[in-house]
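A short write-up of the structure that comes next.
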Amino acid sequence: MTYLAVFESDTWRLEREVLARALASDWPQAQVELASSGAAGSDVRDVEWNYRSELGELEGYAHSDGRGIYLEGPIELVADFVVWYRGLVPTEEQVIFCDDSYSFDGEVPSNAERGDVIAIAE
């Protein structure tokens, strides 16, 4: 299942360099790739990463518009990344957690913890 953490804003976006630096700093074991301009898929996937832990493997990428991430992996690991991502987005922006079929959705508060995000998916 693909999970999304997205926000809508006309005034703010998470720049790819900021996201890449944050990934490198906060998730140093993640393998991070920046899309090359004009490369296949670069109009959608701006930053891609792969992360492995005792919880399993997570694949993620940021949309090129800077307004969301897509995640595939165990829900606990997905939730950890959503909480982390929420911390990168200004508190005045409403971040929504959902799946790719919109079978659930909910707002991720700025003080969210792993359990809060998992509860949205249940």
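The values are calculated or read from the model by the stated rules, or taken from the named source; none is laboratory data. Computed from a prediction, not measured in an experiment: that's the story for all the values here. Glycine also receives a Cβ, built like all others from the backbone with ideal geometry; neighbour counts cover every protein chain displayed. Remember, those area values only see protein heavy atoms, side chains included, never the ligands or the DNA or RNA. Shrake-Rupley method; radii C 1.70, N 1.55, O 1.52, S 1.80 Å.
Worth a mention:
- Being over 20 Å from M1 (Cα atoms), of a type in the set (V, I, T), within 14 Å of the chain's Cα centre (by Cα) and open to solvent by less than 50 Å² (accessible area, probe 1.4 Å) is true of V89.
- Here N111 fulfils each of the conditions (1) loosely packed, with under 13 Cβ neighbours inside 10 Å; (2) in contact with a Pro (Cβ under 9 Å, 6 or more places away or on another chain) apart from (2).
- Close pairs (8 angstrom Cβ cut-off, 6 or more residues apart or separate chains): closer than 13 Å to N111 by Cβ and free of Cβ contacts under 8 Å to residues at least 60 places away in the same chain in the range 74-87, part of a helix (DSSP H, G or I) and open to solvent by less than 10 Å² (accessible area, probe 1.4 Å) anywhere: V83/V117
- Of the residues making up the range 17-49, those that are open to solvent by less than 60 Å² (accessible area, probe 1.4 Å), over 18 Å from V83 (Cβ atoms) and either modelled with pLDDT of 95 or more or of a type in the set (G, A, S) (or both) number 5.
- Unmet criterion (only one of (1) of a type in the set (A, V, I, L, M); (2) at pLDDT below 95; (3) farther than 18 Å from Q29 by Cα) for I96: (2)
- In summary, L77 fulfils each of the numbered conditions (1) among the hydrophobic types (A, V, I, L, M, F, W, C); (2) touching a helix residue (DSSP H, G or I) at 6+ places or on another chain (Cβ under 9 Å); (3) at pLDDT 95 or above with the single exception of condition (2).
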